[in-house]
1. I'd like the distance separating the alpha-carbon centroids of segment A:283-339 and segment B:393-438, in whole Å.
2. Given a Förster radius of 51 Å and the C-beta distance between B:A20 and A:L233 as r, what FRET efficiency does 1/(1 + (r/R0)^6) yield to the nearest 0.05?
3. With all distinct Cα pairs included, what does the Kirkwood hydrodynamic radius of segment A:2-203 come out to in Å, to one decimal, could you say?
4. Which one of B:Y88, B:G174, B:S155 has its Cα pushed farthest toward the positive end of the charge dipole of segment B:79-202, where Lys and Arg give +1 and Asp and Glu give -1 at the Cβ?
5. Going by accessible area, probe 1.4 Å, with all protein chains left in place, what is the ranking of A:M137, B:M1, B:M354, largest first?
6. Do you know the relative contact order of chain B, to the nearest whole percent, from alpha carbon pairs under 8 angstrom that are 6+ apart?
7. Among B:A505, B:G202, B:I7, whose Cα lies farthest out toward the positive end of the dipole of chain B, if unit charges sit on the beta carbon of Lys, Arg (+1) and Asp, Glu (-1)?
8. Would you mind pulling out the separation of the Cα centroids of segment B:280-334 and segment A:42-83, in Å?
Amino acid sequence: MRTIGVAELREIATGAALMGAGGGGNPEVGKLMAISAVREHGPVTLLEASEVAPDAVVTSPSGIGAPAVGLEKFPNGSEFKLMMDKLTERLGHPVEAVFPIEAGGINSMIPFIVGAKLGLPVIDADGMGRAFPELQMSTLALAGHRICPIVMADEKGNLVQIDVDAPHDAEKFARAITVEMGATAQSISDTTTGAALARDGVLGIITKCQRIGHLIHHLGDYATPAAALSALLEITSGTRLLTAKITDIQHATKAGFNFGTVIFTGLGADSQRTGKMEFQNENIVFSVDDTVIATAPDLITLVDTETLAPVTNEELKYGKRVYVLGLPADEKWRTPAGIDCVGPRYFKYDLDYVPVEQRIKAAREKGVID
Amino acid sequence: MAYRLGIDVGGTNTDAVIMADNTVVASTKTHTTPDVASGIHTAIAKVLAESGIKPAAITAAMLGTTQATNAIVERKQLAAVGVVRLGYPATAAITPYTEWPADLVAALSGTYKLVHGGYEYDGQLLTAVDDDELRATFTAWRGKVQAIAIVGVFSALNRDQEEHAAAIAREVFGADMPVSLSATIGSLGLITRENATILNAGLNQVIRRVTSGFAKALADEGITAASVYLCQNDGTLMALDFAARYPILTIGSGPTNSIRGAAYLAKRSDALVLDIGGTTSDLGVLVHDFPRESSQAVTVGGVQTNFRMPDILSIGLGGGSIVRTQPDGSVTVGPDSVGYQITERALCFGGDTMTATDIAVRLGHVKLGDPALTQVIPQATAEAAAAEIQRLLADAIDKMKTSAEPVDLILVGGGAVIVTAKLAGTATTYQSPLGGVANAIGATIAQVGGQAEKLYQYVSVPRAEAIADATQAAKQQAIAAGAVPATVDVVDIDELPLQYAPGEATRVKVKVVGQMA
């Protein structure tokens, strides 16, 4: 158990942008809301999953909708209490702690707003170990948990409950209601118990985000940028796949999702190499000279070569120098069911999922990467 | 003959040029003074004297100035601003001024109110504006605030509510009350647009002082027949009365002017521009005659804003950068500099500090001061320092390039002598004897611009119609800023689809320029 104040929130937000694997939206608005709530109500208690009573009722508050709309119209702040009251009434039991559904972007911050406003502890676990675009893409849903009941609210106090069984249907209805609420809304979902979260969630994710953020905010503690990168790779169990400059970016929006391709020209020892990354909100496939090096659910994430600051897909910019990093996904995703849910074929790429470590090993043997 | 006078105020120097059509008739450089205004005055007097032109023959005068930036950074002369945000019940989770530096909030009075209003992403009403609520708010602020900032949720879609609130403000405070509308200032992103709008409102008195000071300086020198403009940070001009309403747009005009002036001197439309000053080198990218814009949030005085700024990479290397031999024998250059004291402290001028300029003199690349005084620098040290300078610059160039192909480079600025050989990654290098006043030339050749950024749903507003609408708005802005309507042309159209948003919601940004009246 420890407490999370403003300084810790800043670090967590930075780390969450990295763990968002390009997606999750700009965490800035979430960070400002969380900082405002903590300044008003005081710091939030962070519990390890093992510190939560096994039968405690826990749930996950999050924002849903278009991140760009959320930058313009963000919540009133009272939605969270309304939703929680409604959920409590429905469950007939109060909620004892909250957790983030995903580590990436704005949703890494929402539980802290709720925690501060309602005096609830936040649990150091999530349902993805990264960011993904759809509700059913969580390790909890994968383990057979119900996403519903979902309670959604908008800034006017409109409350909607969704209670459907199939995870895909939950996603479909929630998305439709979000549109009616102005393309951005708040929601609570994935209610479970302390024991079930400890078993089926991705544990320690907030602490991991904070360690990443702390490192990035304290680069001066390292003798060289190379030493800082090594430390970052150690925290994330990651590998540097390419050091490169962004030389082309193509964006397209299909069915509300942001699709794109990014071309990288290698720098230094990688100067004879060309990288290519495909993203659908999050980064999905990365290849070097036509050899695939990493695919979802493993994390493909970009950091600035000088600041190690994560580069989300909204910040892609011609000429930006980045390290392309490959981070292994949580083991819960590396099962046949997990790969069906969030592997490359789900995103319409005709590729088998091969763990990033194995792809790296094979690519190194062929001299495709260093 | 019609002459144009351009002035650019930088951190160290205030430069002025007079041009006739496409020729520079006279140019001058003078130190920037702490009050800025007297330096401008001196520059005008000097350049007029040098040119021998009758003041009455000057038909246009343009000023690029740092006064607005200085006021924000120093928290001086800022107005007490009343901020009205139209969005309640949405957006209350983050109040205005969240995460601002406390002293800047105090300087602006920190007065704000969240009121009913705003639109949804598709243009529907979020909440109706409550006239009584607005009137009561403004009435309570009487005598407490000197400027008003009005910020509405999704005002990029529809600015009716912001304009309605402004009309009520003028009813309450009188027609002279300066009112800044966010729809006319920033782009999508409520917090960053609100921040820019608050700063714009706070600069109201500063900009009045700038415009009246410039008008007076011109009149004092007998320049009475000129149309007068201020430079914007996108490389275009605005007439004084327009500039008085949009002071925030003057921030960052210096680097833009430098890039545009360099382009003009080299007669290039696409190139890298390297402006080497006394302490820093600024590298920008010229794309179709205008600087490439930064895609990053811009921080002004500790506040995040989202208005357009040129994409500039600054490194701590200039003509006055101090050269040192380290204990391990390596040679370093900068990032500290003797700055404007170069004429006293550099070895070639009889000083005791080895600077980047001394290296160029020692290697016989340029003749400045007394070259014999640089003979104390060992040949090996000079060569190592020159190599380090080349490396620092080549590295910066590589960061700004978008392809591995060599690019054309335009070299300007007073410190450009420190470049002693062709830089890695470059093709042709262009230099001009007038490179030292490129920024003032950039101010002089600028056209009048306009820009509009709006959000459309392509399912209900077809793409062509949306682009035509945004173009119309940009043209109206250019004409309001002083452009001749028939000469206004589109220079850039940028479309950005919004993810997860239904109806093919797309942000359309159009930039136009035209000739000045």
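1. 34
2. Given R0 = 51 Å and the Cβ-Cβ separation, E is 0.25.
3. Its Kirkwood hydrodynamic radius stands at 16.3 Å.
4. B:G174
5. Accessible-area ranking of A:M137, B:M1, B:M354, largest first: B:M1, B:M354, A:M137.
6. Relative contact order, chain B: 13 percent.
7. Ranked along the dipole, the leading option is B:I7.
8. Cα centroid to Cα centroid, the span is 40 Å.
The values are calculated or read from the model by the stated rules, or taken from the named source; none is laboratory data. All values reported here derive from a predicted model rather than from experimental measurement. Methodologically, a virtual Cβ is constructed for each residue, glycine included, from the backbone with ideal geometry; neighbour enumeration extends over all protein chains shown. Accessible surface is based on the protein model in full, side chains and every heavy atom, while ligands, DNA and RNA are left aside. Shrake-Rupley method; radii C 1.70, N 1.55, O 1.52, S 1.80 Å.
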